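Working notes, beginning with the structure itself.
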Amino acid sequence: MNALIKSATIVDSKSDFHNETVDILIEKGRITKISKRISNPKNYREIKLDNLHVSQGWFDSSVSFGEPGYEEREIISNGLKTAARSGFTSVALNANSNPVIDSYADITFVKSKANDNAVSLYPLGALTKSSDGTDLAELFDMTNAGAIAFYDYQKPISNPNLMKIALQYASNFDGLVCSFPQESRISGNGVANEHINSTKLGLKGNPALAEELQVARDLFLLEYTEGKLHIPTISTAKSVELIRAAKTKKLNVTCSVAIHNLLFTDDVLTSFDTNYKVLPPLRTQKDCDALIEGLKDGTIDMVTTDHNPIDIEDKKIEFDYAKFGTIGLESAFGALQTIFTTKKVVSLLTQGKSRLRILQSTINEGEIADLSLFNPDTSYEFSKSHITSRSKNSAFLGKTLKGETYGIIANNKIVLK
């Protein structure tokens, strides 16, 4: 693949051309020249886009595509197309399929579905067999097949001894264990944050305490085992405090936050719109503020869309019975830009790679072209016309977002809208 990008502003603090507007020549998938003006004698494909900005390729640490087993929600090929059009060059795929991705063969299968794709797919293997929380899955075998971490998607490990053993065992091969932050015996059948709104609306509450107990437990286990832990999608102010204290003690822990937990509070539930039924639930403004501060000071290591397509049959029903989840790839960049500067947004969308040992290339001559293309200055109302996913369950429908994505250049391929 050869291409010439014209008049692009580079947003990459590690690049020699950071904040400069330049032309970028790409030959056979590698950046060969960056300069103020580059001629095109070989008649390569030229990419000229309005207010074009280019950054290192974005990464999402938590996406679900349904396949295998839930193809009515999404299939891998269309999920990767959605990711590319949304500016993501790499994604980590959750194991919440049917069957659950919990073996060498399962990892090999989903990786094969992404062969020869512009977007790199990195599978997360299930931590326990069938994600049922009873016995550890074959973690080392899945690592050899290409799994980058182990996570029972949105299913907490209730047995502390099992979590202890997982942390100890995985440390033998530098494996990363992920633990969903919820004590299910406290959360029960809660469908919304246990607070004033859940009481007024008659919805079963899921208290912040359920998350914070699990986070505290896992941090104690991490300190004991000296393992390697990632806590996905935290949602409360106290969780931020607990993880901040753990990092002060130099524990090997990282965490993420879902973008919708930054922007929405449980006040939006008055409409009983099931697109807002997510796990962990939407909390209070105090929690949102603490999560944003945690991103600013580095306590929270990465953001995720927690992209979870759910078919209409499981969403357009009573709130209590609807499944948890919202899609988020298509709205990620525009939503984050309503909170942070463009430079910070790009940082948040790329910095998770190092934790999951994903190759990160800078925008410099000689580097592999792994690029996200975008315009940070537009403003628009997000609608179904912006959704590429098979399922349309977006919490951001009708919201004003800032900035649009053009696509990506990665894996020696170009994908543009």
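The values are calculated or read from the model by the stated rules, or taken from the named source; none is laboratory data. Note that the coordinates shown come from a computational prediction; the quantities given were computed from them, not determined experimentally. FYI the Cβ positions are ideal-geometry reconstructions off the backbone, even for glycines, and counts take in every protein chain you see. Just the protein is used for accessible areas: all its heavy atoms, side chains included, with ligands, DNA and RNA removed. Shrake-Rupley method; radii C 1.70, N 1.55, O 1.52, S 1.80 Å.
By definition, a body whose alpha carbon gyration tensor gives a ≥ b ≥ c is prolate when a/c is 1.5 or more and a/b is larger than b/c, and the stretch 1-84 fits this prolate description. Between Thr270 and Leu416, the simple spin-label model (points 7 angstrom out along Cα→Cβ) gives 4.5 nm.
Given the choices (1) 23.1; (2) 18.6; (3) 25.1, mean projected area of the Cα convex hull in nm² derived from the coordinates of this structure is entry (2). Under conditions of 20 °C and 1.002 mPa s, the stretch 282-335 yields 161 µm² s⁻¹ as its translational diffusion coefficient, taking Rh as the Kirkwood radius over Cα pairs in the Stokes-Einstein equation.
Based on the convex hull around the alpha carbon atoms, the stretch 237-379 presents an average projected area of 10.8 nm².
Averaged over its residues, the chain has an accessible area of 39 Å² per residue, based on protein heavy atoms and a 1.4 Å probe. According to the square roots a ≥ b ≥ c of the eigenvalues of the Cα gyration tensor, what is the shape class of the stretch 136-238, taking rounded for a/c under 1.5, prolate for a/b larger than b/c otherwise, and oblate for the remainder? In terms of gyration-tensor shape, prolate.
Bridges between two residues of the chain, per DSSP, are antiparallel at a rate of about 50%. Between the alpha-carbon centres of the stretch 375-411 and the stretch 1-64 there is a gap of 21 Å.
Distances between placed amide hydrogens fall under 5 Å for Asn206 paired with Val191, Ala192, Asn193, Glu194, all partners being 5 or more residues away or on another chain. For the stretch 318-417, the direction-averaged projected area of the alpha-carbon convex hull comes to 8.6 nm². Pairs Lys228/Lys277; Lys228/Lys353; Lys14/Lys228; Lys81/Lys277; Lys316/Lys384: which are spaced more than 19 Å apart, C-alpha to C-alpha? The answer is Lys228/Lys277; Lys14/Lys228; Lys81/Lys277. Taking label positions 7 Å along the Cα-Cβ direction at both Thr388 and Arg185, the computed distance is 4.5 nm, reported to one decimal. Straightening the chain between Phe173 and Ser354 buys 63.5 nm, computed as 0.36 nm per residue apart minus the Cα-Cα spacing. The modelled label-to-label distance between Glu20 and Asp116, using points 7 Å beyond Cα along the C-beta direction, is 3.8 nm. Computed over the stretch 55-141, the P(r) curve from all C-alpha pair distances, binned at 10 Å from the origin, holds 18, 50, 26, 5, 0 percent per bin.
What per residue convex hull volume, in Å³, comes out for the stretch 1-150 when only alpha-carbon positions are used?
Value for the stretch 1-150: 133 Å³ per residue.
Taking Cα pairs under 8 Å and at least six residues apart, what relative contact order does the stretch 321-417 come out at, in percent? Answer for the stretch 321-417 is 36 percent.
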